1. If I filter segment 251-263 for residues that are more than 26 Å from Gly110 (Cα to Cα), of a type in the set (Ser, Thr, Tyr) and open to solvent by 50 Å² or more (accessible area, probe 1.4 Å), do I get at least one hit?
2. Tally the residues that are in contact with a strand residue (DSSP E or B) (Cβ under 7 Å, 6 or more places away or on another chain), closer than 20 Å to Glu60 by Cβ and not in a helix (DSSP H, G or I), restricting the search to segment 97-148.
3. Give me the pairs, please: first residue somewhere in segment 9-35 and more than 15 Å from Lys90 (Cα to Cα), second residue anywhere and part of a loop (DSSP other than H, G, I, E, B), beta-carbon distance under 6 Å, and either six or more positions apart or on two chains.
4. Quick one: how many residues across segment 239-281 are modelled with pLDDT of 95 or more and over 19 Å from the mean Cα position of the chain (by Cα)?
Amino acid sequence: MKSRDELIDDLLTLAFAEDVGDGDHTTLSTIPADEMGKQRLIVKEEGILAGVEIARKVFEKFDPELKMTVYINDGEHVKPGDVAFVVEGKVQSLLQTERTMLNIMQRMSGIATTTNKYQERLAGLKTKVLDTRKTTPGMRLLEKEAVKIGGGANHRIGLFDMILIKDNHVDFAGGIPQAVAAAKKYLKETGRDLKIEVEVRNTDEINQALEAGVDRIMLDNFTPERTAEAVKLINGRTEIESSGGITLDTLRAYGETGVDYISVGALTHSVKGLDMSFKAC
């Protein structure tokens, strides 16, 4: 299995391949190869900055001689006019890395900003907002990193780092007891140590999950009122996650029931990038 750094390197290789291809012929034809210059990243919208360290990897991978001076770090609040960093070196390299860097920075900062709004709505509560697997193909690690930068927490990264038994698994397996028993048997036989979470749809399934012995119960499409009842029933015997159509407007009501986590797909699948530009200076 590839490491985080290897996966990010693969992503940048693909990003350059699809954008630069065999060369930025506009830049190569208009800018002398030995011309040196500087560009600065200018923030044009209020939010939470994310992706600075990934931007550094973009520049280093394309041209190790590019020099980056950082003024604002990941996780810091930014406003229009702020300069996050300045990069100096060959102008050809600056121009050819601009779009890849901006795509990543804008996307990650948009996710961090949105996550921060959700987590702030839960201020004073123990509840943490979680991301999901509803991410951009190839960008998952960066998008989930942006969630953490924005103050949220990560759910499982993929299908490999947690057992999440959802409704389809339950139905195909013949029920929650059968599905959980099979999962525990599989983990024992393969020598894996993974948490087991079960998605439930009603009180009967909550009781079945508790009896089967799971690490977390996901309350799927419960109302805040039903969620409060479920929290009382579970009574601290396992972690509790709320999921399904929860918005910024309804988030607080779910958090006040005492759940540990609320998963929100909108953190990554419906986000507007934070506006910024990379200009000569």
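1. no
2. Residues meeting the conditions: 0.
3. Within 6 Å, the pairs are Leu11/Gly138.
4. Residues meeting the conditions: 17.
Rundown of residues vs (1) surrounded by 14 or more Cβ atoms within 10 Å (Cβ to Cβ); (2) at pLDDT 95 or above; (3) more than 27 Å from the chain's Cα centre (by Cα), yes/no style:
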site	(1), (2), (3)
Ala181	yes, yes, yes
Arg192	no, yes, no
Leu219	yes, yes, no
Phe222	yes, yes, no
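Conditions (1) free of Cβ contacts under 8 Å to residues at least 12 places away in the same chain; (2) assigned to a loop (DSSP other than H, G, I, E, B); (3) of a type in the set (S, T, N, Q), marked per residue:
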position	(1), (2), (3)
Gln178	yes, no, yes
Ala181	no, no, no
Val214	no, yes, no
Met218	no, no, no
Ala228	no, no, no
Ser242	no, no, yes
Gly245	no, yes, no
Leu267	no, no, no
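The values are calculated or read from the model by the stated rules, or taken from the named source; none is laboratory data. Model, not experiment: these values are computed from the prediction. Cβ coordinates were reconstructed from backbone atoms using ideal geometry, including for glycine residues, and neighbour counts include every protein chain displayed. Only protein heavy atoms, including side chains, enter the accessible area calculation; ligands, DNA and RNA are left aside. Shrake-Rupley method; radii C 1.70, N 1.55, O 1.52, S 1.80 Å.
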